[in-house]
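What follows is a single structure, written as C-alpha cells, with notes after it.
The values are calculated or read from the model by the stated rules, or taken from the named source; none is laboratory data. Nothing here was measured: the structure is a model prediction, and the numbers come from that model. Note: ideal-geometry Cβ built from the backbone for every residue, glycine included; neighbour counts use all protein chains shown. What goes into the accessible areas is simple: the full protein's heavy atoms, side chains included, and nothing from ligands, DNA or RNA. Shrake-Rupley method; radii C 1.70, N 1.55, O 1.52, S 1.80 Å.
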Amino acid sequence: MAEDNPSGLPRPLIYVDQNILGAPLEALIQSEAFAAWRDTVVLVYSNETMNEIMRSEGLAPEFLGNLSKFVTARVFDELDDRLRPTGRFKIRVESPQQRYRVTLEEQLLASPDLQGLGVLHKLFGGEADRSYADISAAQVGEMQRAWKSELDQIDLPAAFRELLDQLHDSIISVASGALSSTAKTLATNLQPNGRQVTSVDFRRDLGLDMETLNSIKGDKVIERIWALIQSTNDTVRGWSFEAFCNVEGESPFTGKPYTIPDKVRSMMLILNLIGYQSDKKLSRSDKFISSQSDLGHAAYGSLCDAIVSNDIRFRKRLSAVYAYLYVPTRIFSVDASNGFRLREETE
C-alpha cells in the first residue's frame, strides 16, 4: 500500500471511481478474470462514492449490485470522540448496500451548502445569483436543519432536549459570526466593485498560457508547472508548491503535519483551478459537485495499491500529483470495448 495498511487486509486494495461501477465492472464480472478478482483483491469505495451513487438517477441498484459481487471495503477518516479528524484513516470491510442505506438516512449531511462548497463553486464561476453573504447564511441554515433532523430521530426528555437546543444555538451563533466575517472578507477580495473574480481571472493573473501549461507531460510535471508559475510571478518566488497549495506545516484541524491524502486533495484542486487538465463547465452545479467528489477519490486512492478511473483528465492530474508526492499507488483505466482490460496511465 501507499502508506501503512490501515485495514490489516492481506489482499491488494483497489479504489474504484464511480465511472467504473457500471459497464466496466459488468465486463469484469462476465470475463474469465472475475473469479481471480473476487478471490484475491478488495474493491475500495468511500462516502464520496455513495454520494455519487445517490446522484446517479436510478443507477444505484446496478452500481451496488456490481460492487456486491466482490469483497468490498470503505475507506474513511478516523474521528475522535468529539468528531474531529485525527489525521489517521481506516479501511473497513463493509457491504455497499448497508453503507448506501446509512448514506440515505444521513443525506442532509452531504448537502453542498453544509459542506461549504458554495464559496468554492463561486470561484469556479457558479453561484452567480448568490452573494458570499447568501452562501454563508445558507450554510448556517443547513447546520440548523441537520441538527433538528438528528434530534428528531432520538427520544429525549423535553428538558434535556431544550438544553441541547440552547447549546446548539450558542454554537451556531459563533459559527454564524465566523462565516459572516469570512463572507465579508471574500466579498472584499474576490468581488471588487461588484465584479466576481473567478478561476479565469486567477489563471490570467498568474500569467499562464493554457496551451503551454497543458503541453507539460512526462516526468516531474508538478515541478515544471511550479517553475512556470514562478517564472511569471515574483510574489511566489521562494515559496514551495506545498505553501502555494496551503498544505505546508501543520493542519489546523488536527494539529499534525498534513497527511498525504490532505496534500493530494489540495493539489488536485489547485491544478484544476489553474487549468491543468481541468474539468470543464464547472460553473454548472452538477459538474462542480462531481469534480469535488473526485478530490475525495484522489485522496483516498492514495491509501490503496491502485485506483481505477475512466476520466482521462482526472488520471493525468492524479498521475502528476502522485509522482510529486512519491505515492506508489498505480493508476489504471478500463477498456471494456471487447471484454475487460486494464490500462495503466503510463502506457
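Whole number please: convex hull volume per residue, Cα atoms of the stretch 198-347, in Å³.
Convex hull volume per residue, Cα atoms: 133 Å³.
As a test question: what accessible area, to the nearest 10 Å², does K69 have when a 1.4 Å probe is rolled over all protein chains in place?
100
Beta carbons within 10 angstrom, averaged per residue: use that to sort the peptides 70-79, 11-20, 25-34, highest first.
Highest to lowest by the protection proxy: 11-20, 70-79, 25-34.
For a quick check: with amide H placed at 1.01 Å from N, whose amide H comes under 5 Å from C304's, ignoring anything fewer than 5 positions away on the same chain?
HN-HN under 5 Å from C304: A2.
HN-Hα J couplings of the stretch 57-72 from phi, Karplus 6.51/-1.76/1.60, θ = phi - 60°, integer Hz, Gly and Pro as x?
Using θ = phi - 60°, the values come out as 6, x, 8, 4, x, 5, 4, 5, x, 5, 4, 5, 7, 10, 6, 10 Hz.
What net charge is computed for the residues neighbouring L269, neighbours being all others with C-beta under 13 Å from the C-beta of L269, Lys and Arg scored +1, Asp and Glu -1?
Every neighbour counted, the sum reads 0.
May I ask you to evaluate 6.51 cos²θ - 1.76 cosθ + 1.60, the Karplus curve with θ = phi - 60°, for each residue of the stretch 297-305 and list the ³J(HN,Hα) values in order in whole Hz, giving x for glycine and proline?
Karplus values, whole Hz, x for Gly and Pro: 4, 5, 5, 6, x, 5, 8, 10, 6.
Would you list the P(r) distribution for the stretch 221-303, with all Cα-Cα distances sorted into 5 Å bins from 0 and each bin expressed as a whole %?
Percent of Cα pairs in each bin: 3, 14, 21, 22, 19, 15, 7, 0.
Please identify the trypsin sites (Lys or Arg not before Pro) of the stretch 242-306 that satisfy two criteria: DSSP loop assignment and at most 15 other Cβ atoms within 10 Å. Which are they?
Filter output for the stretch 242-306: K280, K281, R284.
Taking amide hydrogens as modeled 1.01 Å from N in the peptide plane, which residues meet the under 5 Å criterion relative to R88, leaving out close sequence neighbours?
For R88, the qualifying residues are E78.
Among rounded, prolate and oblate, which fits the stretch 285-347 when a ≥ b ≥ c are the square roots of the eigenvalues of its C-alpha gyration tensor, a/c under 1.5 means rounded, and a/b larger than b/c means prolate?
oblate
Please give the net charge around V247, taking every other residue with its beta carbon less than 11 angstrom from that of V247, where Lys and Arg add +1 and Asp and Glu add -1.
Neighbour charge sum, excluding V247 itself: -2.
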